[in-house]
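Below: one structure, written as structure tokens.
Nothing in this text is a laboratory measurement; each read-out follows from the coordinates by a stated rule. Since we're looking at a predicted model, the values are computed, not measured. Cβ: placed from backbone, ideal geometry, glycine included. Neighbour counts: every protein chain shown.
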Ligand SMILES: [Zn+2]
């Protein structure tokens with residue numbers, strides 16, 4: 001986690017100072033005169049005009065010490081958007097380049113930017129402050145590690161409520177980073193058991209959390225046959241991970257369910273090359289749920305929340321489940337396997353059905369469920385589906401505030417009817433017409449939601465990005481999508 005220091009007067013031991021600047025050049029009365037002069041020079045003599053995302057550097061010597069200045073253009077206040085400010089913060093991080101990251105300062109002044117604007121800017125910087133160097137060695141590993149800001153000094157008068165909000169941001173972004181790290185782990189390193197161990201170690205650190213992990217024998221006893229069917233091709237046993245925040249509370253809990261397919265080959269409906277390589281990320285829903293539960297625990301959230309992760313690989317073997325198999329689900333409905341690559345909805349179905357015992361007030365599931373959702377909405381938006389319009393609105397509001405984007409897609413009786421089986425109750429693929437695959441996936445899940453308030457969030461698109469689409473994500477890789485959305489949804493909107 002990035003450590004924050006606060007210096008009210010002077011510049012502390014800062015070697016690099018980031019200063020947000022508006023086009024009018026006002027940088028507040030607190031800025032030391034020598035720095036004001038450099039800023040005035042830059043605005044008058046150079047091309048720098050403080051447009052959004054424009055950065056310029058300069059140097060100043062104060063009391064015999066040379067300080068590098070990074071002036072960050074924020075653009076016109078009238079054009080500010082939340083994501084624009086996050087992007088400015090993220091680009092500031094990138095703009096710092098290879099400077100020594102040990103003594104970086106940020107000039108905090110509410111006369112330049114409001115507290116809210118500065119929090120958004122810093123959120124972008126915190127989120128972008130991430131590199132996955134685990135699988136590099138030697139100099140390159142050191143270079144990547146050197147890019148991380150471990151400490152940031154806020155120079156200026158930071159009010160107590162802003163300090164508190166910064167702490168909250170630190171916790172949230174730290175857990176976005178955790179979700180990225182988990183999602184980025186190769187399948188050989190993160191098997192269902194490892195995911196369960198990660199959850200256990202989080203619970204150990206937080207006294208307000210409890211955990212129950214169901215192993216294969218427990219799942220057999222429970223009759224979680226869809227999860228077990230998907231697992232049959234794998235040499236590693238499945239897990240059902242159940243993390244509970246504030247377990248002693250008697251109230252109906254919020255339940256979060258995250259798809260935890262630690263590798264998806266597609267099964268006998270095998271994925272082609274080019275489609276399989278990133279399938280260790282098919283547990284991004286699980287990573288988001290685990291990250292959100294950890295965040296809620298660390299923030300001391302007082303309500304009862306349960307996170308459920310069905311975890312397994314989907315592989316092929318002599319005993320793997322096959323298209324045309326008919327399996328009796330945990331809920332009792334029979335399911336014909338139309339396609340073994342539609343395994344996410346199978347493990348989620350049993351998890352949603354398992355969740356019923358807690359009499360939840362609401363169930364939210366997050367899953368990298370369908371390529372169809374990505375075709376419809378691209379890589380930045382998750383699709384949301386629910387029978388409850390007010391729940392859709394709550395999720396949209398949480399998305400607007402958190403910056404994890406969503407867009408509603410249809411879920412109606414006609415889609416649900418499409419998922420009925422010919423000789424079984426349901427078919428996991430539905431008709432072969434391939435139309436509206438994101439909606440039919442959601443429609444299949446609806447049979448297992450027990451008629452409760454429930455929403456499905458398809459995160460196939462935003463769980464990872466192949467190039468820079470959102471400035472605060474690593475340019476290529478895992479995004480940790482869903483942690484910010486779930487935390488905002490659970491703490492403020494539900
Ligand atoms: Zn699949």
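With the convex hull drawn over the C-alpha atoms of segment 1-56, the volume per residue is 110 Å³. The order of 385, 59, 263, going from fewest to most other C-beta atoms within 10 Å of their C-beta, is 59, 263, 385. Would you mind classifying segment 218-318 by shape? Square roots of the alpha carbon gyration tensor eigenvalues, ordered a ≥ b ≥ c; an a/c under 1.5 is rounded, otherwise it is prolate if a/b is larger than b/c and oblate if not. Since a/c reaches 1.5 but b/c is at least a/b, the shape of segment 218-318 is classed as oblate. Taking the three principal axes of the alpha carbon atoms in segment 160-301, the coordinate ranges are 57, 38, 23 Å, sorted in descending order. Alpha-carbon geometry of segment 330-429: the Rg and the Dmax are 14.9, 46 Å, given in that order. Sort segment 359-482 into rounded, prolate or oblate with this rule: let a ≥ b ≥ c be the square roots of the eigenvalues of the Cα gyration tensor; rounded if a/c is under 1.5, and if a/c is not under 1.5, prolate when a/b is larger than b/c, oblate otherwise. In terms of gyration-tensor shape, oblate.
Estimated from the Cβ-Cβ distance and a Förster radius of 45 angstrom, the FRET efficiency linking residue 413 and residue 3 is about 0.25.
Of the two radii for the chain, the radius of gyration is 1.03 times the Kirkwood radius, both from the alpha carbons; that is the Rg over Rh value.
Per the Kirkwood definition applied to all pairs of different Cα atoms, how many angstroms is the hydrodynamic radius of segment 86-210?
About 16.6 Å, per the Kirkwood formula over Cα pairs.
Over the chain, dividing the summed -39,500 (n - 2.57) contributions of all DSSP H runs of at least 4 residues by the number of residues returns a 222 nm mean residue ellipticity of -11000 deg cm²/dmol. Give the relative contact order (percent, whole number) for segment 324-369; include only Cα pairs under 8 Å separated by 6+ residues. Normalised by residue count, the contact order of segment 324-369 is 32 percent.
For 239, 380, the sequence from fewest to most other C-beta atoms within 10 Å is 380, 239.
Sorting 221, 191 from the fewest to the most surrounding beta carbons within 10 angstrom yields 221, 191.
Determine the distance separating the Cα centre of segment 450-482 from the Cα centre of segment 1-50; give it in Å without decimals. Going from one Cα centre to the other spans 35 Å. Axis angle, to the nearest 10 degrees, between helix 284-298 and the longest C-alpha principal axis of the chain: 60 degrees. By its C-alpha gyration tensor, with a ≥ b ≥ c as the square roots of the eigenvalues, how is segment 172-247 shaped: rounded for a/c under 1.5, else prolate for a/b larger than b/c, else oblate? Because a/c hits 1.5 or more and a/b fails to exceed b/c, segment 172-247 counts as oblate. Against the chain, whose longest principal axis comes from its Cα atoms, helix 192-205 is set at around 50 degrees. Report, to the nearest 10°, how far helix 160-184 tilts away from the longest principal axis of the Cα atoms in the chain, using its own Cα long axis and a range of 0 to 90°. Rounded to the nearest ten degrees, it is 50. Relative contact order of the chain: 15 percent, from C-alpha pairs under 8 Å at least 6 residues apart in sequence.
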